[in-house]
Amino acid sequence: MSDTGSSTSAQQPRLELKGITKSYPGVLANDHIDLKILPGEIHALLGENGAGKSTLVKIIYGALKADSGTISWNGERIDISNPHAARKLGIGMIFQHFSLFEAMTVAENIALSMPGRQNMAKLSKRIVEISENYGLPLQPDRQVHTLSVGEKQRIEIVRCLLQSPKLLIMDEPTSVLTPQEAEKMFLTLRRLSEEGVSILYISHKLDEIKALCHKATIMRAGKYISECDPTIETAKSLAEMMIGTDLRAPKHNDTGERGSVRLKVHNLSLDSNDQFGVDLNLINFEVRSGEILGIAGVAGNGQVELLEVLSGEALSKKPEEILFENKPIGNLGPSLRRKQGIAFVPEDRLGHGSVPEMSLVDNAFLSAYDQKQLINNGFIDRKKTKQFAKEIVENFDVRTAGVSHAANSLSGGNLQKFIVGREMLQDPQLIIIAHPTWGVDAGAAAAIHQAIIDLAAKGAAILVVSQDLDELFAISNRMAVIAEGRLSVGRNVQELSIEEIGLLMGGTTGSASQKEFESVV
Amino acid sequence: MTGYEWIIPVILTVITAATPLVFAGIGELVTEKSGVLNLGIEGMMLVGAVTAFVTATVTGNYILAVIAAAGAGAFMAFLFGILTLSLMANQVATGLALTLFGVGISALIGQDFVGQPVQAISKLDIAGLSDLPIVGQILFGQDALVYLSFIMAIGVSWFLYKTKAGLILRAVGDSHDSAHSIGYSVVTIRYFAVMFGGAMSGIGGAYLSLVYTPMWAENMTAGRGWIALALIVFATWKPSLVVVGAYMFGGITILQLHAQAAGFDVPSQILSMLPYVATIVVLVIISKDESRIRKHAPACIGKIFHPAA
Amino acid sequence: MLFKIEKRPEASQLMVYATPIFALILTILTGSFLFHFLGVDPVEGLRNFFVKPIDNTYGATELFVKATPLILCAIGLSVGFRANVWNIGAEGQLTMGAIVGGGVFVYFHDVDSVFLLPIMIVMGAIGGALWAAIPAFLKTRFNANEILTSLMLVYVALLVLSLLVHGSWRDPDGFNFPESRIFSESATMPILIEGTRLHFGTILALLAVLGTWIMLSKTLIGFQIKVIGAAPKAGGYAGFSQKKIVWFSLLFGGAMAGIAGLSEVAGPVGQLLPSISPGYGFTAIIVAFLGRLHPVGIIFAGLLMALTYLGGETAQINLGLPVAVTGVFQGMVLFFLLACDVLVNFRIRFTLFGKAVS
């Protein structure tokens, strides 16, 4: 292919997108997006949830077809019709949600993503070679469901590496890794970049992008904002381009006063009833009134089991393992715990925190019917329930066409505000919130964080479980880390650094963290 | 040698009782391995039975009859596929609809053929060895479909665990979303799996009307399609165990028939209940261990696949 | 691809009511082809099937007579289906209701009391409920799939009935036919309209519909049923007990089917026979779906399915069509309904030359 001859950027871009547009009913996901990646370049695609990054990337990967626009590969106009074609070009994709088959082995999983028949023995050898070579060791015969999340990600990476990719696309890769594991992965990525592999790195984590990437393309609400050099931009300027409004940290009205102990978990041990789950091992912590305790941890370390036993969807072995205002509640189901004044916001808003096909009115009734006395003489009081739903919508700025519309018609952020609002308006003494702003736009996230802080100021005890360290640092008073079913000692947020948290998230091995996980009796 | 000669006819009848279950079970196993639950086996078997019977009576060509039965079963499964795979209907309801429709249409087609006798498919004589004492008839003197049932069972096992295509099919049943994002056509693969299941059920039905009781009667499957479903759970989705289970059930069915014929002092209705009660017992024993089911059942079974995003 | 299937932002209420009608139209169209294929003029066939059976008073009441067991079973099943509890054994529960309720008469056949029938009805409900309790127990205790267990019990129930009418419950004055005594007056459903077979069972069916409607829309347990069926995890979150709902759905469904069975044997059938139902328990599944699992819808769907039974008989008498046509029509309705159901949550857009044209 002939070069243009101009001297400034003489390099032919490996991948170039021009004017890519894609729309869905009701939403313009990509509006004339441009993107240029050079060989060996680590290029960030920066934008918050809902900016359109996933859609753009699916188009590059051949899983979606753009409505208009062009794609060029090494200067040649091409059409990427399906993932097979993308792989043939040399594009490898590592999704945020893994495409793995849990009941099959590592080798079988990798074989499935390769064309044609494989000699399994030869493939297993190659897997061991490459995985060890790049610092991501894997055992080919292990069943995938026995692996940790970080190890599962390695399968995705090695699967791509086996096909000698020219462009590697990574979607939010560190969301499932501890800070230490993320550092290791950066080493692998830098090595690949030196070998000439281009990397498209999708993230909203500004510190990582500044540390790792050569260039960044920023998207906001489906539109192309700019291309910049993240090494010279500041985190604040990047964030402003990404979010578009002035950044404001949530306000803490923290008087430092703490009331009595509301929730006390004492030597809680529980076997997971999921054979792929994590057993809880001697968990100890307290939450006082007026306090926000944050529990950090990479997904798959016992959060699900802990949340279940706290909400009452699972019962503890001994009732005294969970005490609420000094009363044992471990043997009570969710309804009885709510009667005590405990509220919960579960991890999944659709299907767990709400019934997707039911109206907001019905969903308001779901957890609040007892606390808000929505049953009259054995019959449901529709009028009162509708009023309550409207109250939630008004007080928490839920954007919806009306309370009789289904929960699944709301955007993620608005549904989350509704659910958080429903729980908070029950005036709980203790509220347990899982992943409060996961998949939620920045505006709604800020509103939810503020609501949590305000509720604590009014004297409620709050427990927040999340994977997002930034979020936990912003709103918690104290933090603890859950890893492999054990909980570290809660410490004041001011005394903790990200490094320490990262180490703790990595697990219970290592002498420094060992002490943190010794049980406090 | 007269001491245990009575066993031979019993074993022979067990084989004829088990074979339809082997066909239906192996077919539905492939369907379920791809993540689809097709409850319409009873309907497909009946359609297969009546198609085979009518074809055999009208043309006298038994090979054609069996092929026709397979085709009829596959066609019914195709209808099921359109509803559940392309139009994303609920698999349980559609399977029931398939059974009800199959019962109806087979009764309609078989209207004029009720009670007419037909010659059973002849037994073979493999390598001339069927005269061997004891094992001769059992191993070498069966009809072609019995041998076919074993070939199918072995073939399916080889396909699923030793070929790439089988690996892909199992992957689709494990996680259809992952398979889709890798680029496999989940819907096309499931169509094939479902139609294979239908063809096998059709042949199973053909065996009933051409060998087991060579005649046509409405509803002659008498619940075998449902028993086949239970068999697959009992076999934890392993082809070899499906065959074992089919022979166990064949055994129970035959034993209670022999007991009735032998004048056992138990009302015939109670003996007839045995296969159905046994099915319930087997289901309970297997299902009790929830983790075992979850480990072996294809993770996506019964879930609707939305190719949208 | 000629057409694209796109998800609607929200389920279409219009389609929820329209799809049963689409399904009907498609069934009628296919039915016409079927008649043509069988050598019958399609219009005559349709007329005999759908119009002739009810063009006189007696016919119209027969419609309700046939619809009664369908509606009773379907209303019971619909509660279960909403909770994702798949009770396929209504036919067996119906049979057991007939046996237990009818059994009261067999043992007290010379009692002439106004309480006899009410007791029979209650026992019928209990009989059906107990038979459904078996799959409920096996599911909640052993995680056994209720589809297969309830279905196997259908065959068992029919064999029990056969055992009884051939054996200890045989009518001593019945010339050795396998049938029980004919039910006496105090054990028979009162007739509502002189000269017809329309009986009190129909009133029971309508009451059941009303009661179920109130329960589902206005009570906590109705709400629990809907939530557990739609989103079991949300149900757990709300503190609803999955096991309790499974028990309730199956017992309720069994009781309704039991009453249906008793109404048949104490009504139009008049005694216990080896065969007391032409598959009402299975057709009721179609009625439940066709009626969109909604009490009012079930009434209409029940009447429609009852019409197919009458139509089959009429077409047989007048046109010589095999009675199996009824089963085919019923199966077709369900098929088309499931197919049209896609329109509730998805939109079909026809594409020409790759561009979407709505």
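Are there chymotrypsin sites (Phe, Trp or Tyr not before Pro) in the stretch C:171-270 that DSSP puts in a loop and that have at most 16 other Cβ atoms within 10 Å, and which ones?
Taking the stretch C:171-270 and a limit of 16 other Cβ atoms within 10 Å, the loop chymotrypsin sites (Phe, Trp or Tyr not before Pro) found are C:PHE175.
Sequence neighbours fewer than 8 away in the same chain don't count; with that in mind, list the lysines whose C-alpha is under 25 Å from A:LYS122.
Filter leaves A:LYS88, A:LYS152, A:LYS166, B:LYS162, B:LYS164.
Relative contact order for chain C: what percent, with Cα pairs under 8 Å and sequence separation of 6 or more? All intermediate terms of the calculation are to be shown ahead of the outcome.
Numbers: 640 pairs, mean separation 125.0, N = 358.
Answer for chain C is 35 percent.
Could you tell me whether the stretch A:340-438 comes out rounded, prolate or oblate from its Cα gyration tensor? Rule is a ≥ b ≥ c as square roots of the eigenvalues, rounded for a/c under 1.5, then prolate if a/b exceeds b/c, otherwise oblate.
Numbers: a/c = 1.66, a/b = 1.14, b/c = 1.46.
Verdict is oblate for the stretch A:340-438.
Just the number, please: percent antiparallel of the DSSP beta bridges in the protein assembly as shown, rounded to the nearest 5. Spell out each step's value before the answer.
Values: 50 of 88 bridges.
DSSP beta bridges in the protein assembly as shown are roughly 55 percent antiparallel.
Of B:GLN91, C:ASN176, B:THR253, which is farthest along the charge dipole of the protein assembly as shown in the positive direction, counting Lys and Arg as +1 and Asp and Glu as -1 at C-beta?
Most positive-ward Cα: B:GLN91.
What spacing in nm lies between the two simple spin-label points modelled at A:LYS317 and C:SER184, each 7 Å away from Cα in the Cβ direction?
With each label point 7 Å from Cα toward Cβ, the separation is 6.5 nm.
Taking 8 Å as the Cα distance limit and 6 or more residues as the minimum spacing, I'd like the relative contact order of chain A as a percentage. Working shown, then result.
Working: 1020 pairs, mean separation 75.8, N = 521.
In percent, rounded to a whole number, it is 15.
Roughly what angle does helix C:57-82 make with the longest principal axis of chain C, taking Cα atoms, 0 to 90 degrees, to the nearest 10?
That helix lies at roughly 70 degrees to the long axis.
Does chain C classify as rounded, prolate or oblate by the C-alpha gyration tensor (a ≥ b ≥ c root eigenvalues; a/c under 1.5 gives rounded; else a/b over b/c gives prolate, otherwise oblate)?
Values: a/c = 2.10, a/b = 1.28, b/c = 1.64.
Oblate shape, in that a/c is at least 1.5 and b/c is the bigger or equal ratio.
Who wins for biggest fluctuation among C:VAL16, C:VAL227, C:VAL106 in a Gaussian network model of chain C, springs between alpha carbons below 10 Å?
Highest fluctuation of the listed residues: C:VAL16.
Taking H as built 1.01 Å from N, whose amide H comes closer than 5 Å to the amide H of C:ARG347, not counting residues under 5 places away?
Amide H neighbours of C:ARG347: C:GLU6, C:LYS7, C:ARG8.
Given a Förster distance of 56 angstrom, what is the FRET efficiency for A:THR234 paired with C:VAL296, based on the Cβ-Cβ distance and rounded to 0.05?
Numbers: r = 64 Å, r/R0 = 1.15.
Between A:THR234 and C:VAL296 the formula returns 0.30.
Pick from B:TYR212, B:TYR184, B:TYR161: which is most flexible by mean-square fluctuation in a GNM of chain B where alpha carbon atoms under 10 Å apart are linked?
Result: B:TYR161 has the largest fluctuation of those listed.
Within chain A, what percent of beta bridges assigned by DSSP are antiparallel, to the nearest 5? Before the final figure, lay out each step's value.
Working: 39 of 77 bridges.
Here the share of antiparallel DSSP bridges comes out near 50 percent.
Quick check: Cα centre of the stretch B:170-237 to Cα centre of the stretch A:331-360, how many Å?
Rounded to whole Å, the Cα centres lie 40 Å apart.
By counting other Cβ atoms within 10 Å of each Cβ, how are C:LEU293, C:LEU151 ranked from fewest to most? Walk me through the intermediate numbers first.
On the way: C:LEU293 20, C:LEU151 31.
The fewest-first ordering by Cβ neighbours comes to C:LEU293, C:LEU151.
From a point 7 Å beyond the Cα of A:ASN377 in the direction of its Cβ, which residues of the stretch C:178-214 have a backbone N at a distance under 20 Å?
Counting only backbone N, you get C:210-214.
How far is helix A:412-424 tilted off the main Cα axis of chain A, in degrees rounded to 10, range 0 to 90?
With rounding to tens, the tilt is 20 degrees.
Using a cut-off of 14 Å between beta-carbons, work out the net charge of the residues near A:LEU268 (Lys and Arg +1, Asp and Glu -1, A:LEU268 not included).
Details: positive: A:LYS264, A:LYS317, A:LYS318, A:ARG486; negative: A:ASP271, A:ASP279, A:GLU286, A:GLU305, A:GLU308, A:GLU320, A:GLU321.
Summing Lys/Arg as +1 and Asp/Glu as -1 gives -3.
Hey, got the dipole for chain A? About the Cα centre, +1 on K and R Cβ, -1 on D and E Cβ, debye to the nearest 20? Don't skip to the end; give the middle numbers.
On the way: 55 positive and 64 negative charges, 180 e Å.
Magnitude of the dipole: close to 860 debye.
With +1 assigned to the C-beta of every Lys and Arg and -1 to the C-beta of every Asp and Glu, and no other charges, what is the dipole magnitude of the protein assembly as shown about the Cα centre in debye, to the nearest 20?
Working: 89 positive and 96 negative charges, 229 e Å.
I would put it at about 1100 debye.
Would you mind calculating the relative contact order of chain B from Cα pairs under 8 angstrom and at least 6 residues apart, reporting the percent as a whole number?
Values: 531 pairs, mean separation 112.4, N = 309.
With pairs under 8 Å counted, the relative contact order is 36 percent.
For n ≥ 4 DSSP H runs only, could you compute -39500 (n - 2.57) per run for the protein assembly as shown, divide by its residues and tell me the 222 nm figure to the nearest 500?
Numbers: 44 runs with 622 residues, N = 1188.
Roughly -17000 deg cm²/dmol at 222 nm, from the helical runs in the protein assembly as shown.
Let's see if you can work this out: charge +1 on each Lys and Arg Cβ, -1 on each Asp and Glu Cβ, no other charges. What is the dipole magnitude of the stretch A:350-427 about its Cα centre, in debye to the nearest 20?
For this selection, approximately 200 debye.
Please give me, ordered by residue number, the trypsin sites (Lys or Arg not before Pro) of the stretch A:87-117 that lie in loop per DSSP and have at most 13 other Cβ atoms within 10 Å. List each step's numbers first, then the result.
On the way: sites: A:ARG87, A:LYS88, A:ARG117; in loops: A:ARG117.
Passing sites in the stretch A:87-117 are A:ARG117.
So what's the convex hull volume per residue for the Cα atoms of the protein assembly as shown, in Å³?
Values: hull volume 251.7 nm³, N = 1188.
Cα-based convex hull of the protein assembly as shown, divided per residue, equals 212 Å³.
Sort the stretch C:1-129 into rounded, prolate or oblate with this rule: let a ≥ b ≥ c be the square roots of the eigenvalues of the Cα gyration tensor; rounded if a/c is under 1.5, and if a/c is not under 1.5, prolate when a/b is larger than b/c, oblate otherwise.
Working: a/c = 2.97, a/b = 1.55, b/c = 1.92.
Because a/c hits 1.5 or more and a/b fails to exceed b/c, the stretch C:1-129 counts as oblate.
What lysines does C:LYS66 reach when the alpha-carbon gap must be under 21 Å and sequence neighbours fewer than 8 apart in one chain are set aside?
C:LYS66 reaches C:LYS52.
What do you get for the angle between helix C:13-37 and the principal long axis of chain C? Use alpha-carbon atoms, 0 to 90 degrees, nearest ten.
So the inclination is approximately 80 degrees.
Taking the Cα centroid of the stretch B:23-102 and of the stretch C:5-50, what is the distance between the two, rounded to the nearest whole Å?
23
Using the structure shown, list the pairs from A:LYS339/B:LYS303; A:LYS36/C:LYS7; A:LYS215/A:LYS417; A:LYS384/A:LYS417 with a Cα-Cα distance above 26 Å, or answer none. Mind dumping the intermediate values first?
Values: A:LYS339/B:LYS303 36 Å; A:LYS36/C:LYS7 33 Å; A:LYS215/A:LYS417 35 Å; A:LYS384/A:LYS417 20 Å.
Over 26 Å apart, Cα to Cα: A:LYS339/B:LYS303; A:LYS36/C:LYS7; A:LYS215/A:LYS417.
Summarise the partner chain shielding of C:140-150 as one whole number: the mean count of Cβ atoms from other chains within 10 Å of each residue's Cβ. Don't skip to the end; give the middle numbers.
Values: counts 0, 3, 8, 8, 11, 6, 0, 8, 13, 7, 1.
Mean shielding by partner chains, rounded to a whole number: 6.
For chain B, what is the convex hull volume of its Cα atoms per residue in Å³? List each step's numbers first, then the result.
Details: hull volume 44.7 nm³, N = 309.
So the per-residue Cα hull volume is 145 Å³.
Read the figures in this text as sums done on the coordinates, not as results from a lab. The shown structure was predicted, so the numbers you read here are calculated from the model rather than taken from an experiment. Backbone-built Cβ (ideal geometry, glycine too); neighbour counts: all protein chains shown.
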